[in-house]
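Working notes, beginning with the structure itself.
The values are calculated or read from the model by the stated rules, or taken from the named source; none is laboratory data. If you're wondering where the values come from, they're calculated on a predicted model, not measured in any experiment. Don't worry about glycine lacking a Cβ; one is built from the backbone with ideal geometry, like all the others, and counts go over all protein chains shown. Note: areas computed on protein heavy atoms with side chains; ligands, DNA, RNA excluded. Shrake-Rupley method; radii C 1.70, N 1.55, O 1.52, S 1.80 Å.
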Amino acid sequence: MTQHIGIVGCSAEGAALCYRTICAEGAQLLGPHAHPEVSMHTLSLARYMHCLDKGDLHGVGELMLDSARKLAAAGADFLICPDNTIHQAFDYVAARSPLPWLHIADMVAAEAAARGYRRLGLTGTRWLVDSAVYPEQLAARGLAFVRPLVPERQEINRIIFDELVRGVIRPEGVAYFQQVIARLKTEEGCDAVVLGCTEIPLIISDANSALPTLDSTRLLARAALRRAVEAS
C-alpha cells in the first residue's frame, strides 16, 4: 500500500500536468500501470484570481483550506498544490491544515542544490516573481536568484493568463520565453531557470531553453510520488 496523494488544484492545465506526471511515472517505482491513489479538488480559478487581485492572501489560504478539508475527508494522507503563485499563503495554510503539505519551491530548491546550480533565473506570474515564495526557499540553501525585468514580468504574466492557463500555445509566446531565458543567461549569469508557473513546462523544457530548466510541476509530482511510496 502507498500513501494517498491529495492535489489542491488551482489552474486546470498545471493541475492536469501534475496529475498526469504522478500517474505516468508511478510505474517507474511501482510496476506497470501502477501509481498511488490520487484525489484532486479544484475550486474555480476565478475565486483565486479575485483574492490575488485584492492582495488578499488570507482569502487565498481559505480557498486552499477548503480543498484541503475535502481531500482529508476523501482519505488523502498528505497534500500538494501544483500552483506556485498561491504558495504565498502557504504559512497561513500549513498552520491550519488537517494534513501535511509538500512545498513546491522547497522541492525546486532541493533539486537545484543537488544539481549544483548557484544562480537561478525565476519565471512565473507577476505575483509569484514579486513574492518571497522562492527567495526564502532558495536562500535557505545558499542559492542566488534573478528576477526578470519589469516589462518581461508583465509580458510573461500576460502570456500565462491569456494563453497558457487556457491551453493556448502560440509560437510568439514560446519565443518570448526563450528570449527572456537567453538574456538571464548572457546578461545576468544565471546557470539554470526556474519554471515557476506550473503551465510554463507546457512550452519550455531543456530541449528549447538556453538554460537548464527546473520544472516545478514535475519536480513536485515526483516528490509526491517518492513520499507516497517511501512513507507507506
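Rolling a 1.4 Å probe over the protein heavy atoms of the chain, with every protein chain left in place, gives an accessible area that is 50 percent carbon and sulfur. Each of residue 119 and residue 62 was given a label point 7 Å from its Cα along the Cα-to-Cβ line. The distance between the two points is 4.4 nm. Label positions at residue 150 and residue 174, each projected 7 Å from the Cα along the C-beta direction, are separated by 3.2 nm.
Distance between the pseudo-spin-label points of residue 74 and residue 210 (7 Å out from Cα toward the beta carbon): 4.1 nm. Farthest toward the positive end of the dipole of the chain, out of 92, 110, 8, is the Cα of 110, where the dipole comes from beta carbon charges about the Cα centre. Size of the chain: Rg and Dmax of its alpha carbons, in Å, are 16.9, 50.
The residue among 17, 59, 125 whose Cα reaches farthest toward the positive pole of the charge dipole of region 1-160, with charges on the beta-carbon of Lys, Arg, Asp and Glu, is 125.
Which whole-number percent gives the relative contact order of region 1-151, counting Cα pairs below 8 Å spaced six or more residues apart? Relative CO of region 1-151 lands at 23 percent. Averaging Cα coordinates gives a centre for region 38-70 and one for region 116-172; these two points are 20 Å apart. Relative to the longest principal axis of the Cα atoms of the chain, the long axis of helix 216-230 lies at roughly 30 degrees. Given q = 0.15, 0.27 Å⁻¹, what are the Debye log10 I(q)/I(0) values for region 107-185, with equal point scatterers placed on the Cα positions and solvent ignored? Each listed q corresponds, in turn, to -0.57, -1.23.
Protection proxy ranking of 60-66, 89-95, by the mean of other Cβ atoms within 10 Å over each peptide's residues and highest first, is 60-66, 89-95. For residue 10, nonlocal amide neighbours, meaning residues 5 or more places apart or on other chains whose placed amide H falls under 5 Å from its own, are 15.
Excluding ligands, DNA and RNA, what is the solvent-accessible area per residue of region 62-112 at a probe of 1.4 Å, expressed in Å²? Don't skip to the end; give the middle numbers.
On the way: 1630 Å² over 51 residues.
Heavy-atom SASA per residue in region 62-112 reads 32 Å².
For the chain, a simple Cβ point-charge model (Lys and Arg +1, Asp and Glu -1, everything else neutral) yields a dipole of about 160 debye relative to the Cα centre.
Hey, what did region 3-53 get for relative contact order, percent, Cα under 8 Å, at least 6 apart? Worked out over region 3-53, it gives 48 percent.
GNM, the chain, Cα, under 10 Å: largest mean-square fluctuation among 44, 67, 216? Most flexible of the set in this elastic network: 44. In terms of its C-alpha gyration tensor, region 1-131 comes out oblate, because a/c is 1.5 or above while a/b does not outweigh b/c.
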